[in-house]
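The values are calculated or read from the model by the stated rules, or taken from the named source; none is laboratory data. Every value quoted in this text rests on a predicted model; they were computed, and no experiment measured them. Cβ placement follows ideal geometry from the backbone for every residue including glycine, while neighbour counts extend to all protein chains displayed. Heavy atoms of the whole protein, side chains included, go into the accessibility calculation; ligands, DNA and RNA do not. Shrake-Rupley method; radii C 1.70, N 1.55, O 1.52, S 1.80 Å.
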Amino acid sequence: QVQLVESGGGLVQAGGSLRLSCAASGRIFSINQVGWYRQAPGKQRELVAVFTSGGNTNYADSVKDRFTISRDNAKNTVYLQMNSLKPEDTAVYYCRFALPFGDYWGQGTQVTVSS
């Protein structure tokens with residue numbers, strides 16, 4: 001069984017920064033993809049940033065140059081550094097680990113950006 005624990009969300013003013021963390025535990029031998037997604041009220045869940053299976057990073061256009069995804073393979077942990085936050089970044093943020101035997105999602109962490 002694999003478990004993901006997220007942390008780091010909160011309330012911040014526009015222009016501020018937050019860092020999200022997602023630590024995975026359990027039987028993890030390899031990872032296909034790992035990344036962050038978000039879902040705002042009334043909207044579909046969307047990709048924010050991801051490490052592909054080849055180790056490249058992809059970002060949503062709306063967060064390029066403001067957000068940075070990073071990872072610590074030894075700790076099975078992925079991070080999302082979010083700078084220059086905007087009110088439209090307000091959402092519940094979820095991490096996802098795509099493993100050979102299934103997809104696993106974090107519980108979600110609320111990020112609220114006030115104007």
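Return only the number of the condition from (1) open to solvent by 30 Å² or more (accessible area, probe 1.4 Å); (2) modelled with pLDDT of 95 or more; (3) not hydroxyl-bearing (S, T, Y) that G26 does not satisfy.
Condition not satisfied by G26: (2).
Quickly run through segment 1-13 and pick out the residues that are surrounded by 14 or more Cβ atoms within 10 Å (Cβ to Cβ) and either in a loop (DSSP other than H, G, I, E, B) or within 10 Å of the chain's Cα centre (by Cα) (or both).
Matches in segment 1-13: E6, G8, G9.
Filter segment 29-62 down to the residues that are within 20 Å of E6 (Cα to Cα), modelled with pLDDT of 95 or more, in contact with a Phe, Trp or Tyr (Cβ under 9 Å, 6 or more places away or on another chain) and of a type in the set (A, V, I, L, M) and list them by number.
Those that are within 20 Å of E6 (Cα to Cα), modelled with pLDDT of 95 or more, in contact with a Phe, Trp or Tyr (Cβ under 9 Å, 6 or more places away or on another chain) and of a type in the set (A, V, I, L, M): V34, L47, V48, A49, V50.
Just to be sure, is R38 among the charged types (D, E, K, R) and crowded, with 18+ Cβ neighbours inside 10 Å?
Considered against the rule, which asks whether it is among the charged types (D, E, K, R) and crowded, with 18+ Cβ neighbours inside 10 Å, R38 comes out as yes.
If you check D65, D103, D72, which single one turns out to be open to solvent by 70 Å² or more (accessible area, probe 1.4 Å), under 19 Å from V2 (Cα atoms) and acidic (D, E)?
D103
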